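Each value in this text was obtained by applying a stated rule to the coordinates, not by laboratory testing. The shown structure was predicted, so the numbers you read here are calculated from the model rather than taken from an experiment. Positions of Cβ are generated from backbone atoms using ideal geometry, with glycine treated the same way; all protein chains shown enter the neighbour counts.
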Amino acid sequence: MQGVNDLKQGERQELAGRQGERGPEHVAIIMDGNGRWAEARGLPRIMGHRAGMEAVRRVVRAAPSLGIKYLTLFAFSTENWRRPRLEVEGLFALLREYVEKETDDLKAHGVRVRFLGERENLPQTAGKVIERCEAETEGCTRLTLNIALNYGGRAEIVRAARALAFRAAGGELEPNDITAEVFAGELFTRGMPDPDLLIRTSGEMRLSNFLLWQLAYTELYFTDVLWPDFTQDHLAQAVAAYRKRERRFGGVHNRG
Ligand code: IPE
Ligand code: IPE
Ligand code: MG
């Protein structure tokens, strides 16, 4: 039997429908299961993260051909500091390696890279590398790749509330002028559409503090595939599932 991994490019697009036709414009992914992938092979967890980096390369390449304009990947949460020091250091070393190796290629493919999350208290070298990558890819327009790093949804909301409070206290803003739009303008994702589709791999069914504000009406898609095993075809399958959904946004049945 043909597996989903054997699909040819054309078949993949057919599976996902005509490209870009009905979105999703913005896909967010909680890349989970690297540790279990490695443990199942008797490897150290960091090898799972390394294999996960290859999956990142695959989905970034495939996203534009599925009509995706924004891809937001959860790379490191504010809670991930609780992991053993060696794993945390290994993750940041891999991040640096990915960004340093890939920036030219990302630029050549029209990918603009943005980092979402708190910059303070990142290792100094990581801070420099991500700023350079953002600056170098700034003019790219084919795909926006958001990498959520030292990111937590609650921390992001608190940060926005604090910024608005300072603006109000400074007389720049009336409290009554604070709307959902004004609030969203203080988030790391300002100026971007909310995710249409959230994918979480490895069978876990929780948000783990990811994009709490932005996911309000996002379609959720869970798969048992471990992140290092995730391919272009798994992405196409998720997009195809999304296109079969009916989004109501609180309204009524909308099919004629
Ligand atoms: C996701 O894989 C990667 C990060 C959180 C950085 P995990 O490392 O969480 O993998 P599992 O959940 O332990 O299998
Ligand atoms: C969420 O995965 C964070 C990232 C993918 C970066 P975790 O593996 O850290 O989440 P929990 O701990 O299982 O909720
Ligand atoms: Mg995990």
#### Entry: Gain on full stretching of the segment that runs from Phe166 to Ala40 - 0.36 nm per residue minus C-alpha separation
40.4 nm
### Query
Taking the chain, how many lysine pairs are there with alpha carbons less than 29 Å apart, if each pair must be eight or more places apart or span two chains?
10
### Query
Tell me, what is the percent relative contact order of the range 114-161, built from C-alpha pairs under 8 Å that lie six or more residues apart?
63
### Summary
Along principal axes, largest first, the alpha-carbon spread of the chain in whole Å comes out as 66, 56, 35
### Summary
Along the dipole axis of the chain (charges at Cβ: +1 for Lys and Arg, -1 for Asp and Glu; origin at the Cα centre), the most positive-end residue among Val225, Gly35, Ala168 is Val225
### Task
Go ahead and estimate [θ] at 222 nm for the chain from helices alone: -39,500 (n - 2.57) per DSSP H run with n ≥ 4, summed, over the residue count, rounded to 500.
-12500 deg cm²/dmol
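Restricting attention to the range 159-197, which trypsin sites (Lys or Arg not before Pro) occupy a DSSP loop and are surrounded by at most 14 other Cβ atoms within 10 Å?
Values: sites: Arg159, Arg162, Arg167, Arg190; in loops: Arg190.
Those satisfying the criteria are Arg190.
Over the range 153-256, what is the relative contact order in whole percent, taking alpha-carbon pairs under 8 Å and six or more residues apart? Could the numbers behind the result be given before it?
Values: 78 pairs, mean separation 25.1, N = 104.
Result for the range 153-256 is 24 percent.
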### Task
Enumerate by residue number the trypsin sites (Lys or Arg not before Pro) in the range 208-256 meeting two conditions: DSSP loop (anything except H, G, I, E, B), and at most 11 other Cβ atoms within 10 Å of the site's Cβ.
Lys244, Arg248, Arg255
## Note on the structure
In nm, the gap between the two label points placed 7 Å beyond Cα toward Cβ at Ala93 and Arg57 is 1.9
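Let's see if you can work this out: charge +1 on each Lys and Arg Cβ, -1 on each Asp and Glu Cβ, no other charges. What is the dipole magnitude of the chain about its Cα centre, in debye to the nearest 20? Write out the running numbers ahead of the final one.
Working: 37 positive and 36 negative charges, 75 e Å.
Using Cβ point charges on Lys, Arg, Asp and Glu, the chain gives about 360 debye.
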### Query
For the chain, what relative contact order do you get, as a whole percent, if you take Cα pairs closer than 8 Å and at least 6 residues apart?
29
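Please label the shape of the range 25-109 as rounded, prolate or oblate, based on the square roots a ≥ b ≥ c of the eigenvalues of the alpha-carbon gyration tensor (a/c under 1.5 means rounded; beyond that, a/b larger than b/c means prolate, else oblate).
On the way: a/c = 1.83, a/b = 1.70, b/c = 1.08.
Note, shape of the range 25-109 comes out prolate.
Which helices, taking whole DSSP H runs in the chain, have alpha carbons extending 30 angstrom or more along the helix axis plus mean Kyte-Doolittle at least 1.6?
Details: long enough: 85-108 (35 Å, -0.41).
For the chain, where a helix must reach 30 Å along its axis and average at least 1.6, there are no hits.
Classify the range 145-256: rounded, prolate or oblate, from the alpha-carbon gyration tensor (a ≥ b ≥ c, eigenvalue square roots; a/c under 1.5 rounded; otherwise prolate if a/b is larger than b/c)?
Working: a/c = 3.06, a/b = 1.66, b/c = 1.84.
Note, shape of the range 145-256 comes out oblate.
Can you give the FRET efficiency for Ala240 and Thr125, using 1/(1 + (r/R0)^6), R0 = 35 Å, r = Cβ-Cβ distance, to the nearest 0.05? Can you show the working numbers first?
On the way: r = 40 Å, r/R0 = 1.15.
Calculated transfer efficiency: 0.30.
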### Query
What distance in nm separates the simple spin-label points at Glu174 and Asp105, each placed 7 Å from Cα in the Cβ direction?
5.4
### Message
What distance in nm separates the two pseudo spin-label positions at Arg248 and Glu118, each 7 Å out from Cα along the beta-carbon direction?
### Response
3.9
